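Data first, discussion second: the structure below is written as structure tokens.
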2 protein chains.
Amino acid sequence: MIPMDFVRTDSSAEVPPFEQVRRQLADAIESGRLKPRDQLPTVRKLAADLGLAANTVARAYRELELVGVIETRGRHGSFVAGSLSPHKAAGARLAADVVQRMRDLGMGDAEMLAILRDAVESHSRNPHPTPRRS
Amino acid sequence: MIPMDFVRTDSSAEVPPFEQVRRQLADAIESGRLKPRDQLPTVRKLAADLGLAANTVARAYRELELVGVIETRGRHGSFVAGSLSPHKAAGARLAADVVQRMRDLGMGDAEMLAILRDAVESHSRNPHPTPRRS
DNA sequence: CCTAACGATACAATCATTGATACAATGATT
DNA sequence: AATCATTGTATCAATGATTGTATCGTTAGG
């Protein structure tokens with residue numbers, strides 16, 4: 001989850017808090033500080049961080065979604081809309097590649113996922129267990 | 001039968017019980033606490049010992065088997081696998097490789113997993129080499 | 001007053017996990 | 001051979017958690 005350390009609200013300001021949140025998020029997305037597919041914190045979490053009610057953040061989200069700047073995918077949360085950033089696109093290509101090859105090996109989805117998850121886990125446990133990559 | 005005295009579940013923990021079991025077994029195997037050809041308790045027995053449903057332990061076993069860490073020999077029970085089958089080993093290499101590269105891109109574990117999961121899903125939706133099941 | 005915004009609460013939808021039950025497979029036993 | 005027992009597996013409803021949303025009373029400013 002991306003820290004929303006750039007979102008601040010000032011209750012004594014001219015514009016109301018929900019508008020402050022909306023604007024700062026919009027700016028962050030516009031400026032690239034937040035990239036497409038990035039996941040936003042839940043309305044409750046961001047609200048808690050800012051000392052606001054969930055409803056206030058929710059309104060900011062809703063307005064952003066109406067404009068199409070963010071997307072809400074039900075249970076899964078809210079995400080920055082748009083196409084993938086080059087960064088993630090590169091990752092996605094790598095991922096698609098390995099999935100293709102594993103599928104060529106005759107693996108099913110569940111098997112792939114299990115192996116991939118295991119790889120991620122063990123890789124983070126010890127930094128270079130299989131560094132042999134010519 | 002080897003006593004699974006090192007497996008404990010905490011229903012109030014972050015990760016769900018089946019994942020706790022899976023992880024503890026995986027750790028025990030990786031650390032040598034459990035050795036190849038060691039027989040695991042039946043899903044029902046371990047479940048009873050832990051106060052869980054058989055299904056919960058079964059899920060842990062199933063995921064471990066997908067990765068190739070354990071083997072189930074039908075009627076005889078489940079055993080710690082020796083070396084990975086060439087099939088699984090190939091998959092593991094591919095997986096370790098892609099994880100390495102994605103990590104080189106500066107990705108965190110959570111981001112990797114999300115992208116990989118997405119790749120598996122979207123790949124299975126597309127009309128790529130569909131598993132010929134004639 | 002009246003309007004806009006807030007905050008607490010309740011809500012509908014969705015999803016993962018669990019646990020009960022039934023099942024297929026397979027080896028043992030009679 | 002026939003039967004039984006025991007393995008892991010599949011299915012499915014119930015539960016609980018968590019998402020954004022809607023409602024409603026309260027409050028501050030004009």
With one decimal in nm and the nearest listed first, the spacings from B:A13 to its own position in the other copies, using label points 7 Å along Cα-to-Cβ, are 4.3
Given the options B:L46, B:L66, B:L34, which has the most mean-square fluctuation in a GNM of chain B, springs set between C-alpha atoms less than 10 angstrom apart?
-> B:L66
If you place +1 on the Cβ of every Lys and Arg, -1 on the Cβ of every Asp and Glu, and leave all else neutral, what size is the dipole of chain A about its Cα centre, to the nearest 20 Debye?
-> 340 debye
Could you work out which residue, out of B:L64, B:L84, B:L113, moves most in a Gaussian network model of chain B, that is, has the largest mean-square fluctuation with Cα springs under 10 Å?
-> B:L113
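In percent, how large is the relative contact order of chain B, given Cα pairs closer than 8 Å and 6 or more residues apart? Working shown, then result.
Working: 106 pairs, mean separation 25.3, N = 134.
Value for chain B: 19 percent.
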Among B:G108, B:G91, B:G32, whose mean-square fluctuation peaks in a Gaussian network model of chain B (Cα, cutoff 10 Å)?
-> B:G108
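Taking each residue of B:103-109 in turn, how many C-beta atoms of other protein chains fall within 10 Å of its C-beta, and what is the average?
Numbers: counts 4, 2, 5, 2, 6, 2, 5.
Mean partner shielding for this stretch: 4.
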Phi angles of region A:71-86, converted by Karplus (6.51 cos²θ - 1.76 cosθ + 1.60, θ = phi - 60°) into ³J(HN,Hα) in whole Hz with x for Gly and Pro, give 10, 10, 10, x, 4, 8, x, 10, 9, 5, 7, x, 7, 4, 6, x
With all protein chains modelled, accessible area of A:R101 [1.4 Å, Å²] = 110 Å²
Dipole moment magnitude, nearest 20 debye, region A:17-80 about Cα centre, only Lys, Arg, Asp, Glu C-beta charged = 220 debye
Sort shortest first the distances from B:R37 to its counterpart in every other copy, using label points 7 Å along the Cα-to-beta-carbon line, and give them in nm.
-> 4.6
Amide H of B:I70: which non-local residues (sequence gap of 5 or more, or other chain) have their own amide H closer than 5 Å, using H built in the peptide plane?
-> B:E65, B:A81
Going by alpha carbons, how many degrees (0 to 90, nearest 10) lie between the helix axis of B:109-125 and the longest principal axis of chain B?
-> 70 degrees
Put a point 7 Å out from Cα along the line to Cβ at A:M1; what are the distances to that point in the other copies, in nm, shortest first?
-> 4.2
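The values are calculated or read from the model by the stated rules, or taken from the named source; none is laboratory data. Values in this document were obtained by computation on a predicted structure and should not be read as measured data. For neighbour counting, all protein chains shown are included, and Cβ atoms are generated from backbone atoms with ideal geometry for every residue, glycine included. For the accessible areas, the whole protein counts, side chains as well, though only heavy atoms, and no ligand, DNA or RNA atoms are used. Shrake-Rupley method; radii C 1.70, N 1.55, O 1.52, S 1.80 Å.
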